[in-house]
Structure formats: C-alpha cells, structure tokens
Number of protein chains: 2
Amino acid sequence: MTYRDFKKSVDQAKSDLYRETLARHPEAVRVKKEATAVRNLERIFAAALKVANEKGFAAMTLRDLSAATGMSMGALYAYFSSKEELLAMLQEQHRSVTRRILEQALDRRRDPMERLRAAVRIHLYLSEAMQPWFFFAYMEARHLPAAERKKSMESELATEKLFEDLMTEAVAAGALAPRDCRMAASLTKAMVQDWYLKRWKHAGRRITVDQYADAVLDAVESYGKATGH
Amino acid sequence: MTYRDFKKSVDQAKSDLYRETLARHPEAVRVKKEATAVRNLERIFAAALKVANEKGFAAMTLRDLSAATGMSMGALYAYFSSKEELLAMLQEQHRSVTRRILEQALDRRRDPMERLRAAVRIHLYLSEAMQPWFFFAYMEARHLPAAERKKSMESELATEKLFEDLMTEAVAAGALAPRDCRMAASLTKAMVQDWYLKRWKHAGRRITVDQYADAVLDAVESYGKATGH
DNA sequence: ATAAAAAGCGAGCGTTCGCTCGCTTTTTTG
DNA sequence: CAAAAAAGCGAGCGAACGCTCGCTTTTTAT
C-alpha cells in the first residue's frame, strides 16, 4: 500500500468521526441540525489547529478563533462550553481516529514482520494525513488537566507497546535477531514522531512520506539484523 | 568518557556563562553588583524553566514567576525589560552553552568514527545535564519572533549537519557502508532528541543516559553496516 | 406568506494580564 | 554612624482575556 491509497480511506472516514464527536458532546453543542453542526465543527477544528499550532493553544484567544473561522464569539460558544472543553474535544477526536485506523489496518495481516512493517507505515501515513492533529496533540499534551494528560500518555505508550510486541513476535519467528525490543520500539517511535514534529525540514528536502517510511523501516531491519555487542 | 566526568565540566562552566549573559544584556539588567546579579539571574532562569516547562511560557504569568523565585514584580523587572526579553535571554543562553560545549568536545579527536560517536554521546550528555533548557528550547521555538526562530532553526540544522558530515567522513574512511548520510543524520537526531523530550518515560524505565547513548550508537552503526536495498 | 424555531451576532461584564513607579529596606561609602 | 546608593517591594494602571446575553437575521414549518 502507498500513501495515496491510504489517504482516500481516511478522508472518507472523517465525516463519520465528526458525527461521533457531536454524539459524544450533546451537552456542549447547542446546534440542532447535524449537517450545520458538522460543517461548523470542521471549520472550528481546522481553524483552531491552524492558529494553535502557530502560537500555542494558551496564546490563541477566542477572538483569534473568531477571526479565523469567520464566526462570532457567540456562535463559537454554541459548539463548546469553554476553551478548555474545546481542547478536550480536539484531543479526544485525535485519539479516537488514531485508535480506529491503526486497529483496522492491522487485523488483516498475519506474518509478524509484515505486521511490524504495516504498523510503522500506517502510523506514518496517518500522521501525514492528519499532521496538524498529531503536532497539536504532542505539543499540548503537557497543558492538559491531569486526567486528560494521563489518557494521552497511555495512548502513546500503547502505540509503543504495539511496536514492541510486534518486534518480539518477529524475533520469535526468527525474522529479527534478538535485541532489547522495548528499546528498539522506543527508538522507532522517536523516528516516527520526528516526521510530523519537523515537517518543515522534511518538506524542504522534498522527502515524501513513502521515502521516509522506507528509511525508518530500513533502520529498524538493519538494527534487527546486526548482532548487538 | 562517562556522564559523571562530563557533568563536572558543565557545572564548572555555568557561572562563566551567567556573567556572559549579563555582559550581553547591559541595557536590561539594572543591578550593579555582579555577584548579586548572577545569583538572582540563576534563581530567575531556574524558576522560569521549571514553571514554563510545566504550563508553557505563554501561560506562565509574572506573578507565577514572582512566587517561584520569592522576588517581587519590581525586583524581577530589574533583570529583564519585558517577558519577551526574558524568553530571548533563555534561548540565547541555551544556544551559546550548546555551541561552546560541543565545539570543545570534538576538537581533540581525529578518527572519523570516534568523532561521530563522541558527537552523539556529548550531545546526549549535554541534554541530560541541561534537560530543562533543551526541553524549553524545543517546545517554545515556534513562539519566538521570526528573527529568533530563525536562529533556533539554524542551530538545529547545524547540529544535524555535523552528524551528517561525520557520517560522510566515516563512509569515506570505510568505517561505514555507503548510505544516505543526510537521512541517517536526521534519524539519529530524532533519537537523540527523544531523550530529553520524553524523559519521564526513560526515567520510569530506569534507563541511564549512558545506556541510552549505547543503544543509539548501536542503531547508528547497525544502519551503517547493513546494505541498503 | 407568516409565525415559530434555530442560528448567529458583538458590545459589555468581571477578571487577570504585563508592566510601572513612588516608596521602604538593605548595603555600601566616607 | 550617618548619608548616599543600591536593591527590593506591591498596589495600581490600561489593555486584553474568557465568556454571556439580549437582540437580529436566517431557516424551517404551516
């Protein structure tokens, strides 16, 4: 699978996910018509990510958001009850999308090494298709209230644990040489995250996500072939 | 060299660097006695990093900083003329320390592969000794005014270029197999940065900076030994 | 076409922000 | 030890913040 195929399925799933977010926050969104609510939520989320990723969520004022969306202050507050709740909605939407896409992408494959390659590649593809979301979640995680921050950390550790388990399976199947799989998974995650954290750098070098995925997988497999000392 | 040896030399150099910062901002710091000025600048910088790394620099108020340092609002403003200048001073101090330590650590070594290992290891050691500074610089870079942000990006690219050049030398000397050295350097930098960005994770796993450095260097050398496809 | 319902609006509220300045306390000088 | 210089203090300023609510405009139902 290449990135182009992947992006279509993500775009297709997006409107469903906005509807779910609306269903999940019935007390906050006062707008009745679903079509209107979905359209404006998209505008709000897109504008919030754009502004917040430039100056930080704390520094983004609701007047900034009003200007960026073209909506008034009062209209904005029909979609969330406080700035803090907007933050929670953004984080939650991001986590649920990530979880769903990764799960459905892996359940078809059986071979351990193929599953490992797919996990790394899908994670990169998803972070490419939703770069503002991943950047935002990473940068704002520490400003969350304790309960939300815990969820964020658990989500991150779960991803890393997935890499680790797939590597352990690959070692058991003889596809990789024995290594400290937890450390290998941690280093892999760092390389994957760099793709969306330093996008300006990679874009400036005209590197595509497919090329980057090849390089990361190359590094993972090289590490798993050489004998540790 | 291990981390313990390294830390001593860094701590020793610190007071010198505070004096340089004072000399560099004579218009901002109104306090005359150098000893007093250095002592309070240390308090202010340490408190600012602590508070800002928890809630973000934008969300840190000067009343927070007053409480954390035990100094009054008026006293704080004897050391900087605006919150924005405090930010610039922190970034500048961080850059000058990094540049100096890295330069003086590399000029003794000759062998390309040894220089590469030293560069990675020293970078990790320095980020360990000054973790709050590195975390702060990374997280707040995008909130800087354009001129400062440019300096920050150049500093980062310079570090990566150093890795790349050392890898190119190592390939020329036959110590590493031919690869895309710029990509290899980029991936290496991502792994190095993860050490100070996700310190809570590594600390929870009781991993020392020496162990982490071994793992990163292991990955670099494995990547440089296997043949790319 | 007209009334009812829904959505959108933005001036204004209380609060908190970055920052100042007249004053007090501490330290240095002669 | 007194006078001068330096350092420290915190109430208060204008500006900008998150958020509300009475009102207007647009859409839907009859």
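Assorted remarks:
- With the largest listed first and rounded to whole Å, the semi-axes of the equivalent ellipsoid of chain B from the Cα gyration tensor are 36, 17, 16.
- Efficiency of FRET between B:ASP107 and A:MET73 - r from beta-carbon atoms, R0 56 angstrom, step 0.05: 0.45
- Residue-averaged 222 nm ellipticity for chain A, from DSSP H runs of 4+ at -39500 (n - 2.57), nearest 500: -25500 deg cm²/dmol
- Leaving ligands and nucleic acids aside, the B/A contact buries around 3600 square angstrom of accessible area in total at a 1.4 Å probe radius.
- Protein-only accessible surface at a 1.4 angstrom probe places the residues A:GLU103, B:GLU114 in the order A:GLU103, B:GLU114, largest first.
- 3J(HN,Hα) along region B:184-192, derived from phi through the Karplus expression 6.51 cos²θ - 1.76 cosθ + 1.60 where θ = phi - 60°, amounts to 4, 5, 5, 5, 4, 4, 4, 5, 5 Hz, with x in place of Gly and Pro.
- 3J(HN,Hα) along region A:127-143, derived from phi through the Karplus expression 6.51 cos²θ - 1.76 cosθ + 1.60 where θ = phi - 60°, amounts to 5, 6, 5, 10, 3, x, 5, 5, 4, 4, 4, 5, 6, 9, 4, 6, 8 Hz, with x in place of Gly and Pro.
- The calculated Kirkwood hydrodynamic radius for region A:1-66 is 13.7 Å, given to one decimal from all distinct C-alpha pairs.
- Translational diffusion coefficient (Stokes-Einstein; Kirkwood radius from C-alpha pairs) of region A:34-91 at 20 °C, 1.002 mPa s, in µm²/s: 190
- For the set A:SER186, B:SER155, the ranking by accessible area, highest first and with no ligand, DNA or RNA atoms included, is B:SER155, A:SER186 under a 1.4 Å probe.
- Solvent-accessible area per residue in region B:3-225 equals 45 Å², computed with a 1.4 angstrom probe and all protein chains kept.
- About its Cα centre, the dipole of region B:3-225 is roughly 540 debye, where the only charges are +1 on Lys and Arg Cβ and -1 on Asp and Glu Cβ.
- Rounded percent of accessible protein surface that carbon and sulfur make up, region A:3-225, 1.4 Å probe: 52
- Stretchable slack from B:SER66 to B:ARG99, in nm (0.36 nm times residue separation minus alpha-carbon distance): 8.8 nm
- Principal axis extents of the C-alpha atoms in the protein assembly as shown (largest first, rounded to whole Å): 67, 60, 37.
- For region A:121-229, alpha-carbon Rg and Dmax in angstrom: 15.3, 44
The values are calculated or read from the model by the stated rules, or taken from the named source; none is laboratory data. These numbers come from a predicted model, not from an experiment. Note that we place each Cβ from the backbone using ideal geometry, even for glycine, and neighbour counts take in every protein chain shown. Just so you know, the surface numbers come from the protein's heavy atoms only, side chains and all, with ligands and any DNA or RNA stripped out. Shrake-Rupley method; radii C 1.70, N 1.55, O 1.52, S 1.80 Å.
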